[in-house]
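Remarks on the structure that follows.
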Amino acid sequence: MAAPGPAPRRVEKAEPSDRGAHEKVIDVRGLNKSFGALHAVKDFGIVVERGRICGFLGPNGAGKTTTLRMLFGLLRPDSGEGTVLGFDVLKDSREIKRRVGYMTQRFSLYEDLSIEQNLTFTARVHELDRRRERVQAALDGLGLTARRAQLAGTLSGGWKQRLALAAATLHGPELLLLDEPTAGVDPEARRTFWDEIHGLAARGMTVLVSTHYMDEAERCHEIAYIAGGRTLARGTADEVIDASGLVTFHAEGPGADRLARELRGTPGVEMAAPFGTVLHVSGRDRAALEAAIAPYRKSPLVWSETRPTLEDVFIQLIHDREAAKAKAEAA
């Protein structure tokens, strides 16, 4: 019988007493993953420090879920390097999974078991000690105690979300990966969920969360935007907006939202999009943008310059990527 190989070791061991505010919990670069002809993740890299909440944004098919699965150890990158919690992302997937909590996009617990039974089962899977104590603490911490006997399949979306979060954090992970955890959940439940996430981060947990909601992105300490498997923007919300170089005007008044089609493609206008009855028009060349909207700056429309929103920036990033793709295909 062959002798067992050496136990995985942290690349940069950090004992609790050594953990400073700037410890890199995720530090990866050059990650690639393909599925046949589809290059889902291309040269991806990210650094996330302890106790930070990093929002992971991008359109459907951008590679967010694939990236989260690689960081959790469910998928092995085709190439790249780096560490998660100090463990080699290519070699130590088992050790990473033991220390990371992962909440999938779809509810993945047993719907024919009660809340308490699901948590007890999760505790057994993780081979935890003091199971009853840990399950009770999870029930109390997320307000599930009164519903402990309710079958998971009968819960609303918000309560399923709480149960999934309780299961993902039951083993006390140092890092929490959340894949669009609030999709299909009402605003009140989303706010409650985010209050919980900030509470976890305040206690030292690091969170990487994918989302499509701009208000959630603004609640993150920092954000990373990817499309086509590549990182297009990274930083705090203000840093991403400032780096975009966009100048934005908005128009209010009868029919303002219907001007988007007329303005799109006009020299100087890089993005024109209605937000309800308000029109946002953006571009990087101020003079050209002002010349483009000049014919429309008359009553009854009221125009004013405004700071670009994250949504303005992300729409522009998508347009830039599509234009670059079309140019490459035409070459």
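What follows draws every value from the coordinates through simple rules; no lab data is involved. Values in this document were obtained by computation on a predicted structure and should not be read as measured data. Here Cβ is always computed from backbone atoms with ideal geometry, including for glycine, and neighbour counts include all displayed protein chains.
Using DSSP to define loop residues, name the GluC sites (Glu not before Pro) in the range 131-230 whose beta-carbon has at most 14 other beta-carbon atoms within 10 Å. Answer in residue order: E218. Here the simple spin-label model places points 7 Å from the Cα toward Cβ, and for S299 and R132 these points are separated by 7.8 nm. In the range 21-235, a dipole from Cβ-located charges (positive for Lys and Arg, negative for Asp and Glu) runs towards its positive end, and of L208, L151, H126 it is H126 whose Cα lies farthest in that direction. Neighbour counts of other Cβ atoms within 10 Å put R307, R321 in the fewest-to-most order R307, R321. The ranking of S282, S304 by Cβ neighbour count inside 10 Å, starting from the fewest, reads S304, S282. Taking the fewest neighbouring Cβ atoms within 10 Å as the starting point, the ordered list for I197, I223, I318, I115 is I318, I197, I223, I115. Overall, the anisotropy analysis places the range 243-331 in the prolate class: the square-rooted eigenvalues a ≥ b ≥ c of its C-alpha gyration tensor yield a/c not less than 1.5, with a/b exceeding b/c. When the charge dipole of the range 158-298 is built from unit charges on Cβ atoms (+1 for Lys and Arg, -1 for Asp and Glu) and taken about the Cα centre, the candidate among F193, L175, P267 whose Cα reaches farthest toward its positive end is P267. The lysine pair count for the chain, using Cα distances under 13 Å and pairs eight or more places apart or on different chains, is 4. Charge dipole of the range 21-235 (Cα centre as origin; +1 on each Lys and Arg Cβ, -1 on each Asp and Glu Cβ, all else neutral): 340 debye, rounded to the nearest 20.
Just to verify a number: FRET efficiency for Q150 and F35, C-beta to C-beta distance, R0 = 30 Å, to 0.05? It comes out at approximately 0.20.
What you get for the range 122-213, charging only the Cβ of Lys and Arg (+1) and of Asp and Glu (-1), is a dipole of about 360 debye around the Cα centre.
Think of the chain as having a plus end and a minus end, set by charges on the Cβ of Lys, Arg, Asp and Glu; of Y110, T236, I318, Y110 sits farthest toward the positive end of this dipole. Note the listed values (1) 1.15; (2) 1.21; (3) 1.01, then indicate which one is Cα Rg over 2.2 N^0.38 Å calculated from this particular structure. Entry (1).
Expressed to the nearest 5 percent, the antiparallel share of DSSP beta bridges inside the chain is 70 percent. For the pair D140 and D242, label points projected 7 Å from Cα toward Cβ lie 4.4 nm apart.
Think of it as helices only: each DSSP H run of n ≥ 4 in the chain is worth -39500 (n - 2.57), and spread over all residues that comes to -10000 deg cm²/dmol at 222 nm.
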